[in-house]
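Accompanying notes for the structure given below.
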Amino acid sequence: MKTPSNSARSIRFAALVTMIAIASTVQACSSDRIVAGPSSVSSSPAPSVPSAPQSTQFRVSGTVTDDAGAPVAGVKVTLYTWSNGLTSTSAITDAMGIYSASFGSVSGISAFTEKEGYESKWHSASGSITAYFKFDLQIHRVR
């Protein structure tokens, strides 16, 4: 037989599990987009329309330079995009300071640059994000 303190702990545990299950269900059922069904149903077949590609590939690239405008090799650039959730990917700049990454969809972008001897820094893009987006970054040497 359980002691009163064990019973109270069991009840609290059951309540916690129930709250987690409810929160998970709400999160799984929620969506930013509500898809409405057709207002009427037609028995005639829909006209044949060539299908468009399901997703556009977005390429983000740029050059990382220092305070003097010289390209910096070996910088880790972590790109974060959001549209249907947060997505990230990392790239290392080449000898000319150039990096590049691709994403399935982009509605905003931020970058975090880091390299030993340089200040780690956040960068954000504003404006329209196009399929080929140039995102040049500048980092500062630690003195």
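The values are calculated or read from the model by the stated rules, or taken from the named source; none is laboratory data. These numbers come from a predicted model, not from an experiment. Don't worry about glycine lacking a Cβ; one is built from the backbone with ideal geometry, like all the others, and counts go over all protein chains shown.
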Check your understanding: Is there any pair linking a residue in segment 61-77 that is part of a loop (DSSP other than H, G, I, E, B) to one that is surrounded by fewer than 16 Cβ atoms within 10 Å (Cβ to Cβ) and of a type in the set (Lys, Arg), with Cβ under 7 Å and at least six apart or on different chains, and which?
Key -> 66/141; 67/141
Study note, to complete from the structure: Scanning segment 89-133 for residues that are more than 18 Å from the chain's Cα centre (by Cα) and touching a residue at least 40 places away in the same chain (Cβ under 8 Å), the one surrounded by the fewest Cβ atoms within 10 Å (Cβ to Cβ) turns out to be 118
**Study point:** Number of positions in segment 115-141 that are over 20 Å from residue 69 (Cβ atoms) and charged (D, E, K, R)
**Key:** 1
**Study point:** Per-region count, segment 57-72, residues surrounded by 14 or more Cβ atoms within 10 Å (Cβ to Cβ), modelled with pLDDT of 95 or more and among the hydrophobic types (A, V, I, L, M, F, W, C)
**Key:** 2
